[in-house]
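Trainee: One structure is given below, represented as structure tokens, and several questions about it will come after.
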Amino acid sequence: MVNMKKINTMLLRMILQSKSQFIAILVIIITGISVFTAMNMVAINMQSSLDLYYAQNSFPHFFIESTGFPENETKKIKSIPGVENVTGRITLEGRMLTEDPNERVNLRIKSTSSNEDSLCTNTLMEGTMNLKDIKDVLVIDQFAKARGIKPKDKITIQVGGLQYTLNVVGTVANPENVYMMENAQSLLPDSKSFGALYVTETFAQWAGNLPGSYNELLVKMAPDTDADILKDKLEDRMEVYGLKQTIDRENHLSNSVLIAEFTNLDTMADSLPLLFLIVAGLILMMMLGRMVKRDRMKIGVLKAIGYSSKSVLLHYVGYALTAGVLGGLTGSLAGMALAGWMTRFYLEFFHIPVFNIEVYFYYIFLGITLSTLICIVSGIIGARGVLRIAPADAMRSDAPKAGKRILIQDFTKFWTKLAFSNKMVAKNIFRNKKRSGFVLAGVALTFGMMLFTNSMSGVIDQLMNKHFTEFQKMEYNITFQKPVDSSTVYDMTYLVDVDAIEGKIEYPFTISHGNKEKTALILGLKRDTQFYELQDSDGNPVSIPNKGILLSKNLASALGIEKGDSVRLKSFIPGREDVYTQVRGIIKQSLGMSGYMNIDYMGDLLLEQNLITGVFLDSQDDKLNEKLIKAPNISSVMSSEASRAVYDEYMTMMILSIGFMVVFSGILGFAIVYNATIVNLNSREMEFSSMRVLGFTRNEIFRMILKENNILLIGGILLGIPIGTIFAGYSGAALSTDIYNFEMTPTFWAFILSTIYTIIFVTIAQFATYRKVQSLDFLGALKSRES
Amino acid sequence: MKILTAEKIQKTFQMGEVQVNALIDTSFSVEEGEFVVILGPSGSGKSTLLNILGGMDTPTSGKVFLRDVEITSYDEKELTLYRRNNIGFVFQFYNIMANLTARENVELATEISRDPLPIDDMLHAVDLWDRQDHFPSQMSGGEQQRVSIARAVAKNPEILLCDEPTGALDYETGISILALLKKVNLEMKKTVILITHNADIALMADRVLKMRSGEIIEDFTNPNPLSVEEIKW
């Protein structure tokens, strides 16, 4: 302070004098930069933690499933060029028996090798990993937590019709189960109903009736190997052992969902903070523009003393620069702290036990640079008026602005009927178009953001209702362990009381078009199915064609497919050749991505005639679960209600992150309206003072400003409707994933809520107006030559 | 020796939709160390003339010389240096920085000067030593004008240009400010050009230029300037 140049002392005091506005700008910058730094660091930390986790636990490049192959085959496969390491294991499907006879808990039971260099190893979370006894078992951590299973507990499982009681010795995490889903159909993790167990090879071979054999081959590829060529070689080799499917690392369910999550995080990290910085920049521009006008005389004096235009400009740009540097620095540090916390939160949420949290100074530097640059540019644009002020001109009063008729004066009938005070309000609004425009834009942006955020929860709810009541109409979705004859539909009617029932085929296929491919579920439905109501993007009903396939819109978009295109379907069913079929239509679907075919056509083309993989049914039978749980060939019974609960739980997580955005939007909206109002008031001090001298009371002046602001509020809200709708549409597309497809059309309630919130924000800002008008020193303002 | 010369200065303004001829063919010169008063009613063009002399404004036509150097051909950068090193301004409404103390206001000017005078000496000279840490809002008009003079003189300029320096002050304070300016003129050997509409102030000048409607109508030397204490209005 002692050695500070006096022009900088002035800057410091200028900042202190406008501290509330300065803080409002800082908050926006800090929010933007902290989100930018945090999210970017989280994305990198998550990816590096995952990479480290995969490396430490030797996550394979290929998972090859077959009906069974001899143990010694692994050694032979290891000698194939390009193969670095292989592990054979047994994977079995089973169930855990619980106290509730109606509860179905599915298990994936995998053998684990004690061999040190085996692939896809576990990380111990609790207990021990040492499986001494044949009946010792390791339970995957998230399943253990969801079901309250601890080491030393006993669990009873059923595999292939036989029951076993196993001793839990430890809980573990495994890179193949970061995002733990039963299969591609489920798409969402449900840790309570599906879990994974790791058992000894001896137990697995015994329970799976596979002595001396494995049914899954894990392969780690050597560096610089062509994955496609190796995959073909491996598949050729495994063909004789009843190859079922090969899943490469990119398409591994858990891994691909994680990658999609990280990509989303990356997108958010780049787009959201930019919006904040642009808003901060606009506010700075407006503030500095106004300051320069207000400080005309001061600028003139500084120039008269001998300060150059450049140094005076830099004095004002210094205001923006201080905001930029301070905001960038604080935001980066806050982001750094937030990144550590968020990474831990994400890693725990995804059950990644390996932490690799580092501080990336590059992002701190980038955050500060970005914030500083945007603020400097805004500062220069806002304060460039300094250059135009000639010192002598600054000493003279401004020439009065040329008076002009305003547009609505042309509507003479309307204009003449207006009360004088209302005419003043109208003239005030139109007189300073830039000022009114900023308030209008501020309100519109606030409303737009509110509309978008309020649309989110409504849309999620709408999306659930739409999917589970309008799109999918079955009460139960039952999947068999193996395809069965279609006559099983009739057998089912003897098992439970059925109101309606239909057979289905449900199989994952790799659908490819050109060089794009995607693994998705294809459903075979009756042509006149009563359990699905398919519609095209315009809402017109679509029936299942006799031949060809219907694709969900998100799947078609992902593959760049249009109606009439031909697609290749690659089956995971052993021995099946790829087939081609024509896309007969594209349908709207909000959850998941799927294809739909006529059940008979699908059977002919992809499976065998008269086979089904499950049924859809409606039933009032209270004991349906209890009755079906005993049926040996039933793999899962999912009620619509339960499916919805799983989605609901998942969405809760999403709503949490949306919550952050709501808070940020609120901060942003308030800062815009507050700053716009304060700047507006400061620029009109002289005008209000003159009115006080003329005899207007403080309340009359306040009411006049209130009227002006209310008109701008209404205008802003109207303008905000298209802004919010466009923003919602864009965000819907940006937030859509393979799991859900948002079509964010704001609901009626979103409009109502957004209007209420916007009014609240503007009203809070009006308090500032009220306080200002009440504390107006009109004599002081009139004495000053500066207005 | 002539320190400042104006040759056929003409200045036309566009005020909104009206064109104003503020100065018409104005010529005169000022000797080094002179105390010159430019006297004229409001709107006579005296402030415009002062601004042009001080390099704050440029004439529509005509020339201004500082000794032999033409300042009207200066670019913006040269004009800034001219104002910084050669000219000190004192304004009617003081125009000191509201968020700087008395001392800081003086420092604001000395920080950019080539050869500033000691700040402490200046504060003593204008009798503000005890008020140096006060902000303008804590000072009277007279005190603020003293700060303004200290700020102008502390840069150690050759010429002091004063635009109605007593215009906003009461009689007693006005007299004290005039006394201060006379002191600066005599003791610090600064050329002072003061503009006023108050004819009584002209009585203390070495030279008087009378203006009306943008023209100098009279230019005379005062053989017996009055001491400040003798002036009454």
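The values are calculated or read from the model by the stated rules, or taken from the named source; none is laboratory data. On a predicted model such as this, the values are computed, not experimentally measured, just so you know. A quick note on method: Cβ atoms are made from the backbone with ideal geometry, for glycine too, and the neighbour counts reach across all protein chains shown.
Trainee: Name the residues in region B:95-132 that are away from chain A (no Cβ under 13 Å), in contact (Cβ under 8 Å) with a residue 24 or more places away in the chain and out of contact with any Leu (no Cβ under 9 Å at 6 or more places or on another chain), would you?
Mentor: Correct list: B:117, B:123, B:128.
Trainee: So residue A:307 passes all but one of these: (1) within 13 Å of chain B (Cβ to nearest Cβ); (2) in a helix (DSSP H, G or I). Which condition number does it fail?
Mentor: (2)
Trainee: Determine if region A:500-511 includes at least one residue that is more than 24 Å from residue A:629 (Cα to Cα), surrounded by 14 or more Cβ atoms within 10 Å (Cβ to Cβ) and of a type in the set (A, V, I, L, M). Outline the logic, then answer.
Mentor: So the first thing to find is which residues in region A:500-511 are more than 24 Å from residue A:629 (Cα to Cα), and the list is A:508-511.
Still in the running and surrounded by 14 or more Cβ atoms within 10 Å (Cβ to Cβ): A:508-511.
Now drop any that are not of a type in the set (A, V, I, L, M), which leaves A:511.
Yes, some residue in region A:500-511 is more than 24 Å from residue A:629 (Cα to Cα), surrounded by 14 or more Cβ atoms within 10 Å (Cβ to Cβ) and of a type in the set (A, V, I, L, M).
Trainee: Then there's this: Provide a single number: the residues in region B:38-92 that are surrounded by fewer than 20 Cβ atoms within 10 Å (Cβ to Cβ), of a type in the set (A, V, I, L, M, F, W, C) and within 13 Å of chain A (Cβ to nearest Cβ).
Mentor: Summing the residues that are surrounded by fewer than 20 Cβ atoms within 10 Å (Cβ to Cβ), of a type in the set (A, V, I, L, M, F, W, C) and within 13 Å of chain A (Cβ to nearest Cβ) in region B:38-92 gives 1.
Trainee: Further question: Do you know which of the residues in region B:11-23 that are assigned to a strand (DSSP E or B), of a type outside the set (A, V, I, L, M, F, W, C) and surrounded by fewer than 23 Cβ atoms within 10 Å (Cβ to Cβ) is farthest from the other protein chains (Cβ to nearest Cβ)?
Mentor: Ranking the candidates gives B:21 first.
Trainee: Find all pairs meeting these conditions: Cβ atoms under 7 angstrom apart; at least six residues apart or on different chains; first residue within region B:213-233 and of a type in the set (A, V, I, L, M, F, W, C); second residue assigned to a loop (DSSP other than H, G, I, E, B).
Mentor: Listed pairs, sorted by first residue: B:231/B:200; B:233/B:198; B:233/B:200.
Trainee: Being buried (at least 18 other Cβ atoms within 10 Å of the Cβ), under 22 Å from residue B:49 (Cβ atoms) and modelled with pLDDT under 90 is the requirement here; does residue B:191 meet it? I'd like the intermediate steps shown before the answer.
Mentor: Working: buried (at least 18 other Cβ atoms within 10 Å of the Cβ): yes; under 22 Å from residue B:49 (Cβ atoms): yes; modelled with pLDDT under 90: no.
No, not satisfied.
Trainee: When you scan region A:472-498, how many residues do you find that are within 40 Å of the chain's Cα centre (by Cα), more than 14 Å from residue A:633 (Cα to Cα) and not polar (S, T, N, Q)?
Mentor: 5
Trainee: Among the residues of region A:496-555, write down those that are among the aliphatic types (A, V, I, L, M) and in a loop (DSSP other than H, G, I, E, B).
Mentor: Correct list: A:496, A:498, A:534, A:542, A:544.
Trainee: Given the conditions (1) touching a helix residue (DSSP H, G or I) at 6+ places or on another chain (Cβ under 9 Å); (2) closer than 27 Å to residue A:636 by Cα; (3) not in a loop (DSSP other than H, G, I, E, B), and given that residue A:125 satisfies all but one, which numbered condition is not satisfied?
Mentor: (2)
Trainee: To continue, here is another question. Within region A:108-117, is there a residue that is touching a Pro at 6+ places or on another chain (Cβ under 9 Å) and either free of Cβ contacts under 8 Å to residues at least 24 places away in the same chain or not in a strand (DSSP E or B) (or both)?
Mentor: no
Trainee: Looking at (1) β-branched (Val, Ile, Thr); (2) touching a Leu at 6+ places or on another chain (Cβ under 8 Å); (3) within 12 Å of chain A (Cβ to nearest Cβ), find the lone condition where residue B:26 falls short.
Mentor: The failed condition is (3).
Trainee: Considering A:290, A:294, which residue is modelled with pLDDT under 85 and within 14 Å of chain B (Cβ to nearest Cβ)? Write out each step before concluding.
Mentor: Working: A:290 fails: within 14 Å of chain B (Cβ to nearest Cβ).
Result of the check over A:290, A:294: A:294.
Trainee: Still on this structure: Based on this model, can you work out whether residue A:350 counts as within 30 Å of residue A:57 (Cα to Cα), of a type in the set (A, V, I, L, M, F, W, C) and either modelled with pLDDT of 90 or more or crowded, with 18+ Cβ neighbours inside 10 Å (or both)?
Mentor: Answer is yes for this residue.
Trainee: For residues in region A:226-243 being crowded, with 17+ Cβ neighbours inside 10 Å and touching a strand residue (DSSP E or B) at 6+ places or on another chain (Cβ under 8 Å), which is farthest from residue A:43 (Cα to Cα)?
Mentor: In this case the residue turns out to be A:241.
Trainee: Which one of A:359, A:325 is in contact with a helix residue (DSSP H, G or I) (Cβ under 8 Å, 6 or more places away or on another chain), in a helix (DSSP H, G or I) and surrounded by fewer than 22 Cβ atoms within 10 Å (Cβ to Cβ)?
Mentor: Just one listed residue meets the conditions, A:325.
Trainee: Considering only region A:257-272, state which residues are surrounded by 18 or more Cβ atoms within 10 Å (Cβ to Cβ) and at pLDDT 80 or above.
Mentor: Scanning region A:257-272 gives a single hit, A:258.
Trainee: Follow-up question, since we're still on this one. What strands (runs of 3 or more DSSP E) completely inside region A:148-236 contain at least 2 residues that are within 31 Å of the chain's Cα centre (by Cα) and within 27 Å of residue A:347 (Cβ to Cβ)?
Mentor: A:162-173, A:194-200
Trainee: Hey, another quick one. Does residue B:2 satisfy the criteria of being within 14 Å of another protein chain (Cβ to nearest Cβ) and on the phi < 0 side of the Ramachandran plot?
Mentor: Here the answer is no, as residue B:2 does not meet what is asked.
Trainee: Which residue pairs have Cβ atoms closer than 8 Å, lie 6 or more positions apart in sequence or on different chains, and pair a first residue in region A:63-81 that is in contact (Cβ under 8 Å) with a residue 60 or more places away in the chain and polar (S, T, N, Q) with a second residue that is buried (at least 18 other Cβ atoms within 10 Å of the Cβ) and not in a strand (DSSP E or B)?
Mentor: These pairs meet every condition: A:66/A:238; A:66/A:241; A:67/A:241.
Trainee: Across region A:65-94, what is the number of residues that are surrounded by 18 or more Cβ atoms within 10 Å (Cβ to Cβ), polar (S, T, N, Q) and over 41 Å from the mean Cα position of the chain (by Cα)?
Mentor: Total satisfying the criteria: 1.
Trainee: For residue B:167, work out the one condition from (1) among the small types (Gly, Ala, Ser); (2) surrounded by fewer than 17 Cβ atoms within 10 Å (Cβ to Cβ); (3) more than 13 Å from chain A (Cβ to nearest Cβ); (4) closer than 29 Å to residue B:31 by Cβ it doesn't fulfil.
Mentor: The number of the failed condition is (3).
Trainee: Looking at (1) among the charged types (D, E, K, R); (2) without any contact (Cβ under 8 Å) to a residue 40 or more places away in the chain; (3) assigned to a helix (DSSP H, G or I), find the lone condition where residue A:435 falls short.
Mentor: Of the numbered conditions (1) among the charged types (D, E, K, R); (2) without any contact (Cβ under 8 Å) to a residue 40 or more places away in the chain; (3) assigned to a helix (DSSP H, G or I), the odd one out for residue A:435 is (2).
Trainee: Identify, from the list A:197, A:217, A:234, A:210, the residue that is more than 14 Å from residue A:69 (Cα to Cα) and aliphatic (A, V, I, L, M).
Mentor: Exactly one of A:197, A:217, A:234, A:210 is more than 14 Å from residue A:69 (Cα to Cα) and aliphatic (A, V, I, L, M), namely A:197.
Trainee: Moving on to the next point. Which numbered condition in (1) surrounded by 15 or more Cβ atoms within 10 Å (Cβ to Cβ); (2) over 26 Å from the mean Cα position of the chain (by Cα); (3) at pLDDT 90 or above is the only one that residue A:541 fails?
Mentor: (1)
Trainee: Still on this structure: When residues of region B:199-233 are filtered for being in a loop (DSSP other than H, G, I, E, B), in contact with a Leu (Cβ under 8 Å, 6 or more places away or on another chain) and more than 22 Å from residue B:127 (Cβ to Cβ), how many remain?
Mentor: Applying the first criterion (in a loop (DSSP other than H, G, I, E, B)) to region B:199-233 yields B:199-200, B:205-206, B:213-214, B:222-227, B:231-233.
Next, from what is left, pick out any that are in contact with a Leu (Cβ under 8 Å, 6 or more places away or on another chain): B:199, B:205, B:214, B:222, B:225-226, B:231.
Among the residues that remain, those that are also more than 22 Å from residue B:127 (Cβ to Cβ) are: B:199, B:205, B:214, B:222, B:225-226.
Of the residues in region B:199-233, 6 are in a loop (DSSP other than H, G, I, E, B), in contact with a Leu (Cβ under 8 Å, 6 or more places away or on another chain) and more than 22 Å from residue B:127 (Cβ to Cβ).
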